[in-house]
1. I'd like the Karplus ³J(HN,Hα) series for the stretch 20-25: coefficients 6.51, -1.76, 1.60, θ = phi - 60°, whole numbers in Hz, and an x wherever there's a Gly or Pro.
2. Filter the cross-link list Lys118/Lys165; Lys130/Lys182; Lys65/Lys206 down to pairs whose alpha-carbon distance in this structure exceeds 28 Å.
3. Pull up all non-local amide H partners of Thr155: gap of 5 or more, or a different chain, and H-to-H distance under 5 Å with H placed in the peptide plane.
4. Report the full-extension gain for the segment Asp224 to Lys189: residue separation times 0.36 nm, less the Cα-Cα distance, to one decimal in nm.
5. Under 16 Å between alpha carbons, and skipping anything fewer than 8 positions from Lys277 in its own chain: which aspartates and glutamates qualify?
6. What residues have an amide H closer than 5 Å to that of Ile221, excluding those fewer than 5 places away on the same chain, when H is modeled at 1.01 Å from N in the peptide plane?
7. When N counts the residues of the stretch 1-154, how does its alpha-carbon radius of gyration compare numerically with 2.2 N^0.38 Å, as a ratio?
8. Given the Cα-Cα distance of Thr386 and Asp315 and 0.36 nm per residue of separation, how much length would full extension add, in nm?
Amino acid sequence: SAQFDWSDPFLLGDQITSEERMIQDTAEAFAQDRLAPRVETAYLEERTDPDIFAEMGAAGLLGVKVPEDFGGSDASYVSYGLVARAIERVDSGYRSMLSVQSSLVIFPILAFGSEEQKQKFLPGLVSGEKIGCFGLTEAEAGSDPGGMTTRAVKTEGGYAITGAKMWISNAPIADVFVIWAKSDAHDGKIRGFLLEKGMPGLSAPKIEGKLSLRVSVTGEIVLDAVEVGEEALLPGAIGISGPFECLNRARYGIAWGVMGAAEDCWFRARSYGLDRKQFKRPLAATQLYQKKLADMQTDITYGLQAALRVGQLFDEGSFAPEMISMIKRRNTGMALDVARLARDMHGGNGIQSGYHVMRHSQNLETVNTYEGTHDIHALILGRAQTGLQAFT
Ligand code: TGC
Ligand code: FAD
């Protein structure tokens, strides 16, 4: 019989290709060498370093799913997932920066953009010299983005866009804004527009006071009759399925990413339990501590296997959005449970930044909410098996 690897029980490493392993190793090295040394200070000081985009770009991490013509590596969805896992092992906020740039900004330009838009925007976004953001959510339209009130009104040369977006990752430092708005020239259908920093009427104030995801800056986007030409319209996205196609990819990456955060918490709890003695023996020698470690190990192993399966289906072109709802919901909720448990297993030390587990658990509160809340994904799965929608 084979040797049991406690840290990789189902031998995930043997189920990926050599190219995927290479991309994974690059991302793990980048995350540990470049991100891990600065995460604690950045989190405590709530500081987002915009240079990280260019650093990620130089390491090839923003263009995993981008054709080589535009500076990407045209690799698999499994590779993209492995990158998200490596980055989120350090912090969910860093993974957020990467998810938004690659799945929510680069992807819609690639999938729905004109040739001119691709030529103009993709090289800078893939290299990370330009930073992008994705404006779908509004203060009064979160789980129900179809309820948005941002409007694009036809003008002589294009459109005037008016409205306000809320909770937008990267917005205060963004150069490129993917804005979703109802367009009166298209029967009120939701359309995507590419806006740029500095346009009159466009501003993106930072949202202060976040207790979660503090290395990733979040903002509002205020649109006060922002005038754009016809060339700002994404020609290929018509209706709400446009933004949903982007969300499918970002949610898929999150399902992998949160496994990285959960693994970090699990490994730290194991090490801590082996080192720390109470009642004259290591905490890890107690039954309760071992049960918690066994639960973490089992849940994470199942979560990774599920993410890999959906990634393979994605690569075969046979994924359904409901599969992604299942892994986004289950893996994120489970990672949050693992992080809270790891915090508890560290005792008093668990609340300190130097032990990292509470930062993960605070971050995962956001991840459980954004990209479709835990309960919204349950309702998507409930609808898929009953044929009855329970949203309204
Ligand atoms: P519904 O009636 O279900 O569908 C309307 C149309 O959209 C199509 N569609 C999809 N297409 C592709 N992929 C999907 N996943 C799709 N889901 C729906 C559907 O086929 C239909 O098309 P058609 O042609 O028949 O009209 O839509 P609904 O308005 O009733 O919405 C239902 C609901 C609740 C599931 C949906 O609105 C939802 O998913 N809400 C959650 C909102 C959300 O996820 N927001 C995310 C904002 S971005 C973000 O959080 C970024 S954080 C990133 C980071 O920092 O990492
Ligand atoms: P609500 O929709 O008001 O939900 C509140 C609660 O009610 C939740 O528990 C929810 O599950 C529940 N609920 C809602 N509807 C129902 C129902 N029908 N039945 C039962 N329960 C229901 N958005 C972007 O567009 N771009 C971004 O880059 C982005 N980044 C973000 C970064 C951060 C840090 C955060 C916190 C959010 C970000 N979001 C972004 C927004 C995010 O997608 C929304 O917060 C999320 O979709 C939930 O919307 P809401 O906050 O309005 O909550």
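1. For the stretch 20-25, the Karplus curve yields 5, 5, 5, 5, 4, 5 Hz.
2. Numbers: Lys118/Lys165 24 Å; Lys130/Lys182 26 Å; Lys65/Lys206 30 Å.
Correct reply: Lys65/Lys206.
3. Under 5 Å from the amide H of Thr155 lie the amide H atoms of Ala160, each far enough along the sequence or on another chain.
4. Numbers: separation 35, 0.36 × 35 = 12.60 nm, distance 2.00 nm.
Additional length available on full extension: 10.6 nm.
5. List returned: Asp344.
6. The answer is Lys165, Met166.
7. So the Cα radius of gyration is 1.20 times the expected 2.2 N^0.38 Å.
8. On the way: separation 71, 0.36 × 71 = 25.56 nm, distance 2.81 nm.
Once the chain is fully extended between Thr386 and Asp315, it gains 22.7 nm.
Computed from the coordinates by the stated procedures, all read-outs in this text should not be read as laboratory data. These numbers were taken from a predicted model, which means no experiment stands behind them. Positions of Cβ are generated from backbone atoms using ideal geometry, with glycine treated the same way; all protein chains shown enter the neighbour counts.
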